[in-house]
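Here's the structure, in C-alpha coordinates; my notes come after.
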Amino acid sequence: MEREALTRHMEQIDRNMLQLQRDLITKNASEDYSGEIEPFTNYAHSGSAEDRTRGEQLIAEGKVGCLLIAGGQGTRLGYKGTKGTFPISDSGKTLFELCVDRVKAASEKAGRDLPLAVMTSPLNAKEIETFFAQHGNFGLSADQLFFYSQGMLPFLDEKGNLFLETKTKIAEGPDGNGSSLEHFVRSGIAEKWASRGIRYVNYVLIDNPLADPYDAELIGFHDKNSLEVTLKCIVKRDAGEKVGSLITRDGKIEVIEYSELPDDEKRALNSNGSLKHCCANISLFCFSMDFINSIGNGEIVLPLHKAFKATKQLDAQKDVMAWKFEKFIFDVLRYANPERVKALLYPREQCFAPLKNLHGNDSVETVREALRKAGIK
Ligand code: UTP
(Lines give C-alpha, C1' and ligand atoms only; values in the text may rest on other atoms or scores of the structure.)
Protein backbone atom coordinates (compact mmCIF):
# COMPACT_ATOMS: atom_id res chain seq x y z
CA MET A 1 0.00 0.00 0.00
CA GLU A 2 2.69 2.45 1.04
CA ARG A 3 4.70 1.65 -2.05
CA GLU A 4 1.69 2.18 -4.32
CA ALA A 5 0.93 5.55 -2.76
CA LEU A 6 4.52 6.60 -3.23
CA THR A 7 4.55 5.41 -6.84
CA ARG A 8 1.38 7.41 -7.47
CA HIS A 9 3.01 10.51 -6.03
CA MET A 10 6.15 9.95 -8.14
CA GLU A 11 3.98 9.72 -11.25
CA GLN A 12 2.36 13.05 -10.49
CA ILE A 13 5.67 14.90 -10.53
CA ASP A 14 6.13 17.02 -13.64
CA ARG A 15 9.44 15.84 -15.16
CA ASN A 16 9.99 18.96 -17.27
CA MET A 17 9.49 21.16 -14.27
CA LEU A 18 11.79 18.94 -12.21
CA GLN A 19 14.52 19.47 -14.79
CA LEU A 20 14.05 23.23 -14.55
CA GLN A 21 14.31 22.99 -10.78
CA ARG A 22 17.52 20.95 -11.04
CA ASP A 23 19.01 23.37 -13.56
CA LEU A 24 18.33 26.21 -11.22
CA ILE A 25 20.40 24.70 -8.41
CA THR A 26 23.00 22.59 -10.18
CA LYS A 27 23.90 24.72 -13.18
CA ASN A 28 23.08 27.82 -11.19
CA ALA A 29 20.89 28.92 -14.11
CA SER A 30 20.09 32.55 -13.41
CA GLU A 31 16.73 33.40 -11.89
CA ASP A 32 17.01 36.90 -13.24
CA TYR A 33 17.27 38.70 -16.49
CA SER A 34 20.20 40.93 -17.27
CA GLY A 35 20.20 44.21 -19.21
CA GLU A 36 20.05 47.86 -18.43
CA ILE A 37 17.67 48.90 -15.69
CA GLU A 38 15.46 51.88 -16.38
CA PRO A 39 12.91 53.50 -14.11
CA PHE A 40 9.29 52.61 -14.71
CA THR A 41 7.52 55.86 -15.47
CA ASN A 42 4.10 54.80 -16.67
CA TYR A 43 2.25 55.63 -13.48
CA ALA A 44 -0.40 57.98 -12.12
CA HIS A 45 -1.55 58.95 -8.65
CA SER A 46 -4.89 57.81 -7.28
CA GLY A 47 -7.68 60.20 -6.40
CA SER A 48 -9.74 60.44 -9.58
CA ALA A 49 -13.47 60.60 -8.84
CA GLU A 50 -14.10 60.09 -12.54
CA ASP A 51 -12.21 56.76 -12.57
CA ARG A 52 -14.02 55.65 -9.43
CA THR A 53 -17.42 56.35 -10.97
CA ARG A 54 -16.39 54.51 -14.12
CA GLY A 55 -15.26 51.50 -12.03
CA GLU A 56 -18.45 51.53 -9.96
CA GLN A 57 -20.44 51.37 -13.16
CA LEU A 58 -18.42 48.36 -14.41
CA ILE A 59 -18.81 46.59 -11.07
CA ALA A 60 -22.57 47.25 -11.09
CA GLU A 61 -22.77 45.83 -14.63
CA GLY A 62 -21.20 42.56 -13.39
CA LYS A 63 -17.98 42.97 -15.36
CA VAL A 64 -15.61 42.50 -12.42
CA GLY A 65 -14.53 39.60 -10.19
CA CYS A 66 -12.02 39.20 -7.38
CA LEU A 67 -9.29 36.64 -6.70
CA LEU A 68 -8.21 36.23 -3.10
CA ILE A 69 -4.82 34.55 -2.87
CA ALA A 70 -4.52 32.38 0.23
CA GLY A 71 -2.36 29.38 -0.66
CA GLY A 72 0.71 30.38 1.37
CA GLN A 73 2.01 28.53 4.41
CA GLY A 74 2.47 31.59 6.62
CA THR A 75 5.65 30.12 8.08
CA ARG A 76 6.94 33.38 9.53
CA LEU A 77 3.69 34.10 11.39
CA GLY A 78 3.93 30.71 13.07
CA TYR A 79 0.17 30.52 13.65
CA LYS A 80 -1.46 27.15 14.20
CA GLY A 81 -4.05 27.65 11.47
CA THR A 82 -3.82 28.92 7.91
CA LYS A 83 -3.19 32.69 7.82
CA GLY A 84 -6.67 33.72 6.67
CA THR A 85 -8.15 32.29 9.88
CA PHE A 86 -6.03 34.61 12.06
CA PRO A 87 -8.23 36.94 14.16
CA ILE A 88 -6.68 40.29 13.39
CA SER A 89 -9.16 43.13 13.95
CA ASP A 90 -9.95 44.64 17.34
CA SER A 91 -13.35 42.97 17.26
CA GLY A 92 -11.69 39.59 16.57
CA LYS A 93 -12.53 39.30 12.88
CA THR A 94 -10.28 37.04 10.85
CA LEU A 95 -8.48 38.06 7.66
CA PHE A 96 -11.02 36.05 5.65
CA GLU A 97 -13.98 37.75 7.30
CA LEU A 98 -12.54 41.24 6.77
CA CYS A 99 -12.14 40.53 3.07
CA VAL A 100 -15.63 39.08 2.75
CA ASP A 101 -17.05 42.11 4.60
CA ARG A 102 -15.69 44.30 1.83
CA VAL A 103 -17.05 42.02 -0.90
CA LYS A 104 -20.48 42.21 0.75
CA ALA A 105 -20.30 46.00 1.11
CA ALA A 106 -19.31 46.34 -2.57
CA SER A 107 -22.12 43.93 -3.53
CA GLU A 108 -24.65 46.01 -1.66
CA LYS A 109 -23.45 49.14 -3.38
CA ALA A 110 -23.48 47.43 -6.80
CA GLY A 111 -26.90 45.89 -6.25
CA ARG A 112 -25.66 42.42 -7.16
CA ASP A 113 -23.74 39.50 -5.61
CA LEU A 114 -20.11 40.03 -6.60
CA PRO A 115 -17.97 36.95 -7.06
CA LEU A 116 -14.98 35.95 -4.94
CA ALA A 117 -12.62 33.12 -5.89
CA VAL A 118 -10.29 31.97 -3.12
CA MET A 119 -7.05 30.31 -4.14
CA THR A 120 -6.00 27.66 -1.64
CA SER A 121 -3.20 25.09 -1.78
CA PRO A 122 -3.36 21.31 -1.43
CA LEU A 123 -2.06 21.87 2.13
CA ASN A 124 -4.81 24.22 3.29
CA ALA A 125 -7.74 23.72 0.86
CA LYS A 126 -9.71 21.52 3.23
CA GLU A 127 -9.07 23.77 6.22
CA ILE A 128 -10.14 26.90 4.32
CA GLU A 129 -13.25 25.39 2.75
CA THR A 130 -14.31 23.95 6.12
CA PHE A 131 -13.68 27.32 7.81
CA PHE A 132 -15.96 29.07 5.32
CA ALA A 133 -18.62 26.36 5.61
CA GLN A 134 -18.55 26.51 9.43
CA HIS A 135 -19.21 30.25 9.22
CA GLY A 136 -22.04 29.98 6.69
CA ASN A 137 -19.63 31.35 4.04
CA PHE A 138 -19.77 34.60 6.03
CA GLY A 139 -23.02 35.37 4.26
CA LEU A 140 -21.82 34.93 0.68
CA SER A 141 -24.19 33.05 -1.60
CA ALA A 142 -23.17 29.68 -3.07
CA ASP A 143 -23.22 31.29 -6.49
CA GLN A 144 -20.81 33.97 -5.40
CA LEU A 145 -18.06 31.97 -3.73
CA PHE A 146 -15.50 29.83 -5.56
CA PHE A 147 -12.46 27.85 -4.43
CA TYR A 148 -9.61 26.49 -6.45
CA SER A 149 -6.20 25.16 -5.53
CA GLN A 150 -2.70 25.98 -6.66
CA GLY A 151 -0.14 23.22 -7.26
CA MET A 152 2.88 21.82 -5.44
CA LEU A 153 6.53 21.47 -6.39
CA PRO A 154 8.95 18.95 -4.90
CA PHE A 155 11.79 20.10 -2.67
CA LEU A 156 15.30 19.11 -3.70
CA ASP A 157 18.29 18.36 -1.51
CA GLU A 158 21.63 20.07 -2.03
CA LYS A 159 22.55 17.66 -4.81
CA GLY A 160 19.27 18.11 -6.63
CA ASN A 161 17.63 14.89 -5.45
CA LEU A 162 14.06 14.32 -4.42
CA PHE A 163 13.59 13.02 -0.88
CA LEU A 164 10.79 11.63 1.25
CA GLU A 165 8.78 13.52 3.81
CA THR A 166 6.83 10.42 4.87
CA LYS A 167 6.86 6.82 3.69
CA THR A 168 4.18 7.63 1.13
CA LYS A 169 5.06 11.16 0.14
CA ILE A 170 7.88 13.04 -1.51
CA ALA A 171 8.76 16.27 0.29
CA GLU A 172 7.11 19.21 -1.48
CA GLY A 173 5.61 22.66 -0.97
CA PRO A 174 3.11 25.04 -2.62
CA ASP A 175 4.37 26.33 -5.98
CA GLY A 176 4.10 30.05 -5.18
CA ASN A 177 1.49 32.73 -5.80
CA GLY A 178 2.77 33.02 -9.39
CA SER A 179 0.77 29.96 -10.30
CA SER A 180 -2.49 31.62 -9.28
CA LEU A 181 -3.60 32.74 -12.75
CA GLU A 182 -2.70 29.47 -14.43
CA HIS A 183 -4.68 27.47 -11.87
CA PHE A 184 -7.56 29.92 -12.02
CA VAL A 185 -7.81 29.17 -15.74
CA ARG A 186 -7.27 25.41 -15.32
CA SER A 187 -9.97 25.23 -12.65
CA GLY A 188 -12.55 26.38 -15.20
CA ILE A 189 -13.60 29.34 -13.04
CA ALA A 190 -12.07 31.85 -15.46
CA GLU A 191 -14.20 30.47 -18.27
CA LYS A 192 -17.32 30.45 -16.10
CA TRP A 193 -16.71 34.07 -15.11
CA ALA A 194 -16.00 35.14 -18.68
CA SER A 195 -19.28 33.56 -19.78
CA ARG A 196 -21.03 35.65 -17.12
CA GLY A 197 -19.53 38.75 -18.72
CA ILE A 198 -16.62 39.32 -16.32
CA ARG A 199 -13.83 41.24 -18.07
CA TYR A 200 -11.63 42.38 -15.20
CA VAL A 201 -10.26 40.62 -12.17
CA ASN A 202 -9.06 42.41 -9.06
CA TYR A 203 -6.27 40.47 -7.34
CA VAL A 204 -5.71 40.69 -3.56
CA LEU A 205 -3.56 38.83 -1.03
CA ILE A 206 -5.08 37.36 2.11
CA ASP A 207 -2.35 38.75 4.34
CA ASN A 208 -3.11 42.40 3.54
CA PRO A 209 -6.43 43.35 5.19
CA LEU A 210 -6.29 46.83 3.68
CA ALA A 211 -6.42 45.33 0.17
CA ASP A 212 -9.73 46.31 -1.39
CA PRO A 213 -11.28 43.37 -3.29
CA TYR A 214 -13.44 45.74 -5.32
CA ASP A 215 -11.37 48.88 -5.83
CA ALA A 216 -13.60 50.85 -8.18
CA GLU A 217 -11.00 53.48 -8.97
CA LEU A 218 -8.39 50.88 -9.95
CA ILE A 219 -10.90 49.17 -12.23
CA GLY A 220 -12.03 52.44 -13.78
CA PHE A 221 -8.42 53.47 -14.42
CA HIS A 222 -7.66 50.05 -15.94
CA ASP A 223 -10.66 50.20 -18.25
CA LYS A 224 -10.15 53.82 -19.27
CA ASN A 225 -6.59 53.04 -20.38
CA SER A 226 -7.44 49.69 -22.05
CA LEU A 227 -4.76 47.93 -19.99
CA GLU A 228 -3.77 44.31 -19.59
CA VAL A 229 -2.36 44.85 -16.10
CA THR A 230 -2.67 47.67 -13.61
CA LEU A 231 -0.45 47.49 -10.55
CA LYS A 232 -1.71 49.09 -7.40
CA CYS A 233 1.50 50.45 -5.89
CA ILE A 234 2.70 52.69 -3.10
CA VAL A 235 5.44 55.29 -3.26
CA LYS A 236 8.70 54.04 -1.78
CA ARG A 237 9.28 55.69 1.57
CA ASP A 238 12.97 56.25 0.85
CA ALA A 239 15.84 54.70 -1.11
CA GLY A 240 16.50 52.24 1.73
CA GLU A 241 13.01 50.80 2.04
CA LYS A 242 13.26 47.04 1.51
CA VAL A 243 10.52 46.57 -1.07
CA GLY A 244 10.49 45.37 -4.67
CA SER A 245 10.56 48.20 -7.26
CA LEU A 246 8.93 48.36 -10.65
CA ILE A 247 11.52 48.77 -13.41
CA THR A 248 11.85 48.46 -17.16
CA ARG A 249 14.58 46.24 -18.61
CA ASP A 250 15.08 45.35 -22.24
CA GLY A 251 11.69 46.83 -22.98
CA LYS A 252 9.96 44.52 -20.47
CA ILE A 253 8.42 45.46 -17.16
CA GLU A 254 9.69 43.72 -14.05
CA VAL A 255 9.63 43.88 -10.31
CA ILE A 256 13.17 43.86 -9.00
CA GLU A 257 13.92 42.78 -5.45
CA TYR A 258 15.45 45.38 -3.14
CA SER A 259 18.71 43.43 -2.90
CA GLU A 260 19.11 43.33 -6.68
CA LEU A 261 18.61 47.01 -7.45
CA PRO A 262 22.11 48.57 -7.55
CA ASP A 263 22.74 51.21 -4.87
CA ASP A 264 23.19 54.09 -7.33
CA GLU A 265 19.85 53.17 -8.96
CA LYS A 266 18.18 52.98 -5.55
CA ARG A 267 19.30 56.52 -4.79
CA ALA A 268 18.76 58.02 -8.28
CA LEU A 269 16.59 61.15 -8.19
CA ASN A 270 14.39 63.02 -10.65
CA SER A 271 14.97 66.75 -11.17
CA ASN A 272 12.25 67.49 -8.59
CA GLY A 273 14.10 65.47 -5.95
CA SER A 274 11.77 62.44 -5.96
CA LEU A 275 13.11 58.87 -6.31
CA LYS A 276 13.44 57.67 -9.89
CA HIS A 277 12.49 54.16 -8.84
CA CYS A 278 9.48 55.20 -6.79
CA CYS A 279 6.88 52.48 -7.47
CA ALA A 280 6.88 49.83 -4.75
CA ASN A 281 5.17 46.58 -5.61
CA ILE A 282 2.61 45.38 -3.04
CA SER A 283 1.19 42.58 -5.21
CA LEU A 284 -2.21 44.14 -5.79
CA PHE A 285 -3.38 44.10 -9.38
CA CYS A 286 -6.21 44.50 -11.79
CA PHE A 287 -5.94 42.02 -14.68
CA SER A 288 -7.94 41.81 -17.87
CA MET A 289 -9.53 38.43 -18.38
CA ASP A 290 -7.91 38.16 -21.83
CA PHE A 291 -4.50 38.61 -20.26
CA ILE A 292 -5.27 36.00 -17.57
CA ASN A 293 -6.25 33.54 -20.27
CA SER A 294 -3.02 34.22 -22.16
CA ILE A 295 -1.02 33.40 -19.01
CA GLY A 296 -3.07 30.33 -18.18
CA ASN A 297 -3.29 28.71 -21.60
CA GLY A 298 -0.42 26.34 -20.80
CA GLU A 299 2.14 27.87 -23.14
CA ILE A 300 3.84 30.15 -20.65
CA VAL A 301 6.09 28.77 -17.92
CA LEU A 302 6.89 31.44 -15.38
CA PRO A 303 10.46 31.41 -14.05
CA LEU A 304 11.16 29.58 -10.81
CA HIS A 305 12.72 31.18 -7.75
CA LYS A 306 14.56 29.12 -5.18
CA ALA A 307 15.05 29.45 -1.44
CA PHE A 308 17.02 27.25 0.96
CA LYS A 309 14.62 26.38 3.76
CA ALA A 310 14.21 24.07 6.72
CA THR A 311 11.82 21.23 6.00
CA LYS A 312 10.77 17.81 7.24
CA GLN A 313 12.51 14.67 6.05
CA LEU A 314 11.58 11.07 6.78
CA ASP A 315 13.51 9.67 9.74
CA ALA A 316 15.39 12.94 10.40
CA GLN A 317 15.30 13.97 14.07
CA LYS A 318 14.97 17.63 13.17
CA ASP A 319 14.18 19.69 10.06
CA VAL A 320 16.75 19.54 7.25
CA MET A 321 17.73 22.31 4.84
CA ALA A 322 16.50 21.88 1.26
CA TRP A 323 15.62 23.90 -1.85
CA LYS A 324 12.05 25.15 -2.15
CA PHE A 325 10.80 26.45 -5.52
CA GLU A 326 8.15 29.05 -6.19
CA LYS A 327 6.72 31.15 -8.98
CA PHE A 328 6.02 34.81 -8.23
CA ILE A 329 2.98 36.66 -9.51
CA PHE A 330 4.94 39.71 -10.63
CA ASP A 331 6.74 37.63 -13.25
CA VAL A 332 3.56 37.67 -15.34
CA LEU A 333 4.47 41.28 -16.17
CA ARG A 334 7.16 40.04 -18.55
CA TYR A 335 4.43 38.57 -20.72
CA ALA A 336 2.29 41.69 -20.87
CA ASN A 337 2.42 44.23 -23.64
CA PRO A 338 4.52 46.94 -21.92
CA GLU A 339 2.35 49.65 -23.47
CA ARG A 340 -0.63 48.17 -21.69
CA VAL A 341 0.80 48.09 -18.17
CA LYS A 342 0.44 51.03 -15.81
CA ALA A 343 0.75 51.59 -12.09
CA LEU A 344 -1.63 53.55 -9.92
CA LEU A 345 0.02 54.92 -6.79
CA TYR A 346 -2.02 55.00 -3.57
CA PRO A 347 -1.36 56.40 -0.11
CA ARG A 348 0.19 53.56 1.90
CA GLU A 349 -2.25 53.86 4.80
CA GLN A 350 -5.15 53.17 2.43
CA CYS A 351 -3.94 49.90 1.01
CA PHE A 352 -0.92 48.26 2.63
CA ALA A 353 -0.69 46.50 5.99
CA PRO A 354 0.79 43.04 5.43
CA LEU A 355 0.69 40.41 8.15
CA LYS A 356 3.94 38.45 7.95
CA ASN A 357 5.30 38.13 11.49
CA LEU A 358 4.03 37.70 15.02
CA HIS A 359 6.13 40.60 16.31
CA GLY A 360 8.16 43.47 14.87
CA ASN A 361 7.78 44.62 11.27
CA ASP A 362 4.62 43.68 9.37
CA SER A 363 3.29 42.01 12.48
CA VAL A 364 0.07 41.60 14.40
CA GLU A 365 0.72 44.92 16.21
CA THR A 366 1.49 46.94 13.05
CA VAL A 367 -1.50 45.53 11.16
CA ARG A 368 -3.88 46.18 14.09
CA GLU A 369 -2.65 49.74 14.28
CA ALA A 370 -3.15 50.22 10.52
CA LEU A 371 -6.69 48.79 10.75
CA ARG A 372 -7.51 51.15 13.62
CA LYS A 373 -6.26 54.12 11.60
CA ALA A 374 -8.38 52.99 8.65
CA GLY A 375 -11.41 52.69 10.96
CA ILE A 376 -11.77 48.92 10.40
CA LYS A 377 -13.06 47.05 13.43
P1 UTP B 1 4.25 35.20 1.22
O2 UTP B 1 5.24 35.05 0.15
O3 UTP B 1 4.44 36.32 2.16
O4 UTP B 1 4.14 33.82 1.99
O5 UTP B 1 2.83 35.28 0.55
P6 UTP B 1 3.27 33.38 3.22
O7 UTP B 1 2.90 31.98 2.99
O8 UTP B 1 2.09 34.28 3.46
O9 UTP B 1 4.24 33.51 4.44
P10 UTP B 1 5.69 32.86 4.72
O11 UTP B 1 6.62 33.41 3.67
O12 UTP B 1 5.56 31.37 4.66
O13 UTP B 1 6.00 33.36 6.09
C14 UTP B 1 2.25 36.42 -0.03
C15 UTP B 1 0.87 36.01 -0.49
O16 UTP B 1 0.96 34.98 -1.45
C17 UTP B 1 0.21 33.84 -1.04
C18 UTP B 1 0.05 33.98 0.47
O19 UTP B 1 -1.09 33.28 0.91
C20 UTP B 1 -0.06 35.48 0.63
O21 UTP B 1 -1.36 35.92 0.31
N22 UTP B 1 0.91 32.61 -1.45
C23 UTP B 1 2.22 32.44 -1.18
C24 UTP B 1 0.19 31.66 -2.08
O25 UTP B 1 -1.03 31.81 -2.33
N26 UTP B 1 0.83 30.52 -2.48
C27 UTP B 1 2.14 30.31 -2.24
O28 UTP B 1 2.65 29.24 -2.63
C29 UTP B 1 2.87 31.30 -1.58
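Pick from Leu344, Leu218, Leu164: which residue has the top mean-square fluctuation in a GNM of the chain where Cα pairs under 10 Å get a spring? Result: Leu164 has the largest fluctuation of those listed. A dipole drawn for the chain from +1 and -1 charges on Cβ atoms has a positive end, and of Ser283, Leu205, Leu140 the residue lying farthest that way is Leu140. The gain in end-to-end length when the Ser195 to Ser259 segment is fully stretched comes to 18.8 nm, 0.36 nm per residue minus the alpha carbon separation. Amide H contacts of Gly173 (H built 1.01 Å from N, in plane; Pro and chain starts excluded): Leu153, Phe155 sit under 5 Å, all sequence-distant by 5 or more or on other chains. Just checking the listed ones, Asp331, Asp362, Asp90: in the Gaussian network model of the chain with Cα springs under 10 Å, the one fluctuating most is Asp90. Considering helices alone, the calculated mean residue ellipticity of the chain at 222 nm is -8500 deg cm²/dmol, with DSSP H runs of length four and up weighted by -39500 (n - 2.57) and normalised per residue.
For Asn42, nonlocal amide neighbours, meaning residues 5 or more places apart or on other chains whose placed amide H falls under 5 Å from its own, do not occur. Radius of gyration (Cα atoms) of the stretch 257-377, expressed as a multiple of 2.2 N^0.38 Å: 1.41. Over the C-alpha atoms of the chain, the Rg to Rh ratio, Rh being the Kirkwood estimate, stands at 0.96.
Structural descriptor for the stretch 113-156: relative contact order 61 percent, calculated from alpha carbon pairs under 8 angstrom and at least 6 residues apart.
Gain on full extension, evaluated as 0.36 nm per residue between Thr26 and Thr75 minus their Cα-Cα distance, stands at 15.0 nm.
Only Cα pairs under 8 Å and 6+ residues apart enter the sum, and on that basis the relative contact order of the stretch 80-224 stands at 23 percent.
For the stretch 3-100, give the magnitude of the charge dipole about the Cα centre (Cβ charges: +1 Lys/Arg, -1 Asp/Glu; no others), in debye to the nearest 20. Can you show the working numbers first?
Numbers: 12 positive and 14 negative charges, 121 e Å.
The dipole of the stretch 3-100 has a size of about 580 debye.
Straight-line cross-link reach from Lys276 at under 20 Å between alpha-carbon atoms covers these lysines, not counting any fewer than eight positions away in the same chain: Lys232, Lys236, Lys242, Lys252, Lys266, Lys342.
Students sometimes get this wrong: rank His359, His305 by accessible area, probe 1.4 Å, all chains present, largest first.
Largest to smallest exposure gives the sequence His359, His305.
Here's how it looks for Phe285: its modeled amide H is under 5 Å from those of Tyr203, Lys232, which are all 5 or more places away or on a different chain.
Net charge dipole, the chain: roughly 600 debye, given to the nearest 20, about the Cα centre with Cβ charges of +1 for Lys and Arg and -1 for Asp and Glu. Farthest toward the positive end of the dipole of the chain, out of Ala370, Ala190, Ser91, is the Cα of Ser91, where the dipole comes from beta carbon charges about the Cα centre.
Taking 0.36 nm per residue of separation and subtracting the current Cα-Cα distance, fully stretching the chain between His359 and Lys252 would add 34.8 nm. Label-to-label distance for Lys167 and Val301 is 3.5 nm, based on points extended 7 Å past Cα in the beta-carbon direction. Based on Cα contacts under 8 Å between residues 6+ apart, the chain shows a relative contact order of 25 percent.
Residues of the stretch 162-199 with an amide N closer than 20 Å to a point placed 7 Å from the Cα of Lys126 along the Cα-to-Cβ direction: 165-175. A dipole drawn for the chain from +1 and -1 charges on Cβ atoms has a positive end, and of Asn293, Asn361, Gly173 the residue lying farthest that way is Asn361. Once the C-beta distance of Ala133 and Asn270 is scaled by a Förster radius of 56 Å, the resulting FRET efficiency is 0.60 to the nearest 0.05.
The values are calculated or read from the model by the stated rules, or taken from the named source; none is laboratory data. The model shown is predicted, which means the values in this text are computed figures rather than measured ones. So basically every Cβ, Gly included, is an ideal-geometry build from the backbone, and we count neighbours across all protein chains shown. Protein only, heavy atoms only, side chains kept; ligands, DNA and RNA dropped before computing areas. Shrake-Rupley method; radii C 1.70, N 1.55, O 1.52, S 1.80 Å.
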